[in-house]
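Beneath this line is the structure, given in structure tokens, with notes to follow.
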Amino acid sequence: MRWEDDRESSNVEDDRGQSFGGGGFGGGGFNIGGLGGVGGGLGLVIIVVLALVFGVDPRQLLSGGGVGPTTVSERSEPQGPRADDVDAKFSSVVLAYTEDAWKEVFAEKGEVYQPPRLVLYDDAHPTGCGNGQAAMGPFYCPADQKVYLDLSFFKELSGRFGAPGRFAEAYVIAHEVGHHVQNLTGVSEKAEEVRRTQSKRAANQVSVRVELQADCYAGVWAQRTNRKEQFLDPGDIEQGMAAANAVGDDTLQKETQGRVMPDAFTHGTSEQRMRWFKRGFEAGDMDACTTFQGSYASL
């Protein structure tokens, strides 16, 4: 993937080296059907789009307490170059790619794209959705329209998930920006409204539709960006497909639990994630990302 000399986004908040404390989601676990003290329509949206892009069950990471104030407990002064500075620059370039691609898509529909901000942090960071932690992986918060990323996740992506390569990392960011597009277009709000009246099993199926559409949007981004920047090298798309395959619900459930529980899927199977990413890449059109059409079995 060729990116080194391309534009960096100005919508990046680099909070690496800062330490934040207090507040958060509190202790204990929460029921996926709600977020305890997080009231109103936002709670379910958080569950849908704050959930890990790589299929880690958020019930293992978040809790049901109310969101309290989060304060900066310590601010570290810059200590010179960091080992992840190149990753930070890369992430900024990828965000710029998404800005250009989605600006074009929205303009074709007579609309103006409002890009999200990307927050780079270490360990933990306050968000409009509560306290974010590195263990949660990359996530998007609809309340403040920001994507949060601890760059150490790139090492986990390569090591734990067996999906190395810059394009695999770019896919992660593009997927989260896909959730931002869903937020702008009202998909997140509509999904929350449907989930609110459904059983846990049916609500999970809505989550799968949301996540597969974000995968498809990542494919749309890749095609649009390559058309303009010609940034793809041979094997890059295979990297993205490998990442999608590695983080399917069925694959992760087999790895962590030894069995597959389809009713607990929240992101889709490996086959589904690869297929919808590929559909978006082949079409280059968000209208091809029809995960909310047809029966759940047909996804």
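The values are calculated or read from the model by the stated rules, or taken from the named source; none is laboratory data. Owing to the predicted nature of the structure, the values given are computational and were not obtained by experimental measurement. Please note: Cβ atoms are built from the backbone with ideal geometry, for glycine as well, and neighbour counts cover all protein chains shown.
General observations
- Filtered residue count, the stretch 134-160, keeping only those that are part of a helix (DSSP H, G or I) and touching a strand residue (DSSP E or B) at 6+ places or on another chain (Cβ under 6 Å): 0
This table checks each residue for (1) modelled with pLDDT under 90; (2) at negative phi.
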| position | (1), (2) |
| --- | --- |
| Val48 | yes, yes |
| Ala51 | yes, yes |
| Gly64 | yes, yes |
| Gly80 | yes, no |
| Lys89 | no, yes |
| Val94 | no, yes |
| Thr98 | no, yes |
| Ala101 | no, yes |
| Gln114 | no, yes |
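- Selection from the stretch 248-263 of residues that are touching a helix residue (DSSP H, G or I) at 6+ places or on another chain (Cβ under 7 Å) and in a helix (DSSP H, G or I): Asp250, Thr251, Asp263
- Each residue in the stretch 161-194 was checked for being assigned to a loop (DSSP other than H, G, I, E, B) and either of a type in the set (Ser, Thr, Tyr) or in contact with a helix residue (DSSP H, G or I) (Cβ under 8 Å, 6 or more places away or on another chain) (or both), and 5 of them qualify.
- Test: residue in the stretch 128-140 that is under 15 Å from the mean Cα position of the chain (by Cα) and at positive phi: yes
- In the stretch 195-247, of all residues being assigned to a loop (DSSP other than H, G, I, E, B) and not small (Gly, Ala, Ser), the one that is surrounded by the most Cβ atoms within 10 Å (Cβ to Cβ) corresponds to Val247.
- Of all residues making up the stretch 109-163, the number that are among the charged types (D, E, K, R), buried (at least 20 other Cβ atoms within 10 Å of the Cβ) and more than 18 Å from Ser188 (Cα to Cα): 1
- Across the stretch 264-297, the qualifying residues are those that are of a type in the set (Gly, Ala, Ser) and outside any loop (DSSP other than H, G, I, E, B), and the one among them that is farthest from the chain's Cα centre (by Cα) is Ala297.
- Candidate set: the stretch 248-277, residues that are among the aliphatic types (A, V, I, L, M) and over 15 Å from Gln213 (Cα atoms); chosen: the one surrounded by the fewest Cβ atoms within 10 Å (Cβ to Cβ): Met261
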